1. Diagonalise the Cα gyration tensor of the chain and give the resulting equivalent ellipsoid semi-axes, square root of 5 times each eigenvalue, largest first, whole Å.
2. Of 155, 141, 219, which has the largest mean-square fluctuation in a 10 Å C-alpha GNM of the chain?
3. Between the range 130-162 and the range 224-285, what is the C-alpha centre distance in whole Å?
4. Please order 226, 257 by the number of other Cβ within 10 Å, starting at the fewest.
5. Would you calculate, for the chain, the mean residue ellipticity at 222 nm contributed by helices, counting each DSSP H stretch of 4 or more residues as -39,500 (n - 2.57) and dividing by all residues, to the nearest 500?
6. Determine the alpha carbon to alpha carbon distance for each of 72/270; 140/173; 133/259; 72/206; 69/120; 133/252 and list only those over 31 Å.
7. What is the order of 12, 86, 229, fewest Cβ neighbours within 10 Å to most?
8. For each of 124, 60, count neighbouring Cβ atoms within 10 Å of the residue's Cβ, then give the residues from fewest to most.
Amino acid sequence: MKLLRYGPPGAERPGLLDRSGRIRDLSGHLSDLDGAAYAAESLERLAALDPESLPLISGEQRYGCPVAKVGKFIAIGLNFSDHARESNLPIPTEPVVFTKAISCIQGPNDDVVIPRGSTKTDWEVELGVVIGKRASYVSKDAALDHVAGYVLINDVSERHYQAERGGTWDKGKGCDTFGPIGPWFVSKDEVGDVQKLGMWLDVNGKRMQTGNTATMIFDVETIVSYLSEFMTLMPGDVITTGTPPGVGMGIKPEPVYLKPGDIITLGIDKLGEQRQVCVAWEQRA
């Protein structure tokens, strides 16, 4: 089952993607795809619906983030050994945890704004995990019972803010527009083995990242169990799990960073694709 939110920013409606790739409206069955909608009993009820019975939405539609009212947006850093090496950082022995501001979340194809004064805005294709059941001190064996499904994420990052301005990574991770999520949520039964998904990202049509979730240092089960030791995970929380090599910071002999006019496209097997145009920051009213 693929669930999505469509429509203009702030006025998205819940929807379902049918087998023909068409949007079906779900607003007759729930008000939005928030944490409660991603609980197991809610997903079972939605899965039992006949898509052909739902109103068909025609025409070009904007996709919003498929999870409304995200409570926590948690990230795992350096979760691919080859990415850790290109970052000149040691391979972690425990998951590296930071947070992305929920205000950075946006639709998968919305513009990415280069922050004011930024010189090192970078890209990162990542697997996202959507929590569907409260998790506190869960074992690794039981961790996937608390997962509703998966999403595609671009963990956009400003490396100068992240690494050169003191303190934690969060400064370079939560800028507005730095959290494109979607285009849709895919239930874990449809994804199957989440540790066998190909990943890729292009900038201006040039392949920059190629990877596979099979090479993650810490798999989804480990990440969910580990995080649940330090915080209670709630339905609708989103975890982004790290990126394979090929980020701009790691390019030799000189790093390459995003600039206005650049186009980012990315995808993960079974989870769809994203496309963002980079634009310059400007003062908003």
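1. Calculated on Cα positions only, the semi-axes equal 29, 23, 17 Å.
2. Of the options given, 141 has the highest mean-square fluctuation.
3. 14
4. Working: 226 17, 257 22.
Exposure proxy ranking, most exposed first: 226, 257.
5. -2500 deg cm²/dmol
6. With Cα atoms farther than 31 Å apart: 133/259; 72/206; 133/252.
7. 229, 86, 12
8. Final ranking by Cβ density, sparse to dense: 60, 124.
Read the figures in this text as sums done on the coordinates, not as results from a lab. Nothing here was measured: the structure is a model prediction, and the numbers come from that model. So basically every Cβ, Gly included, is an ideal-geometry build from the backbone, and we count neighbours across all protein chains shown.
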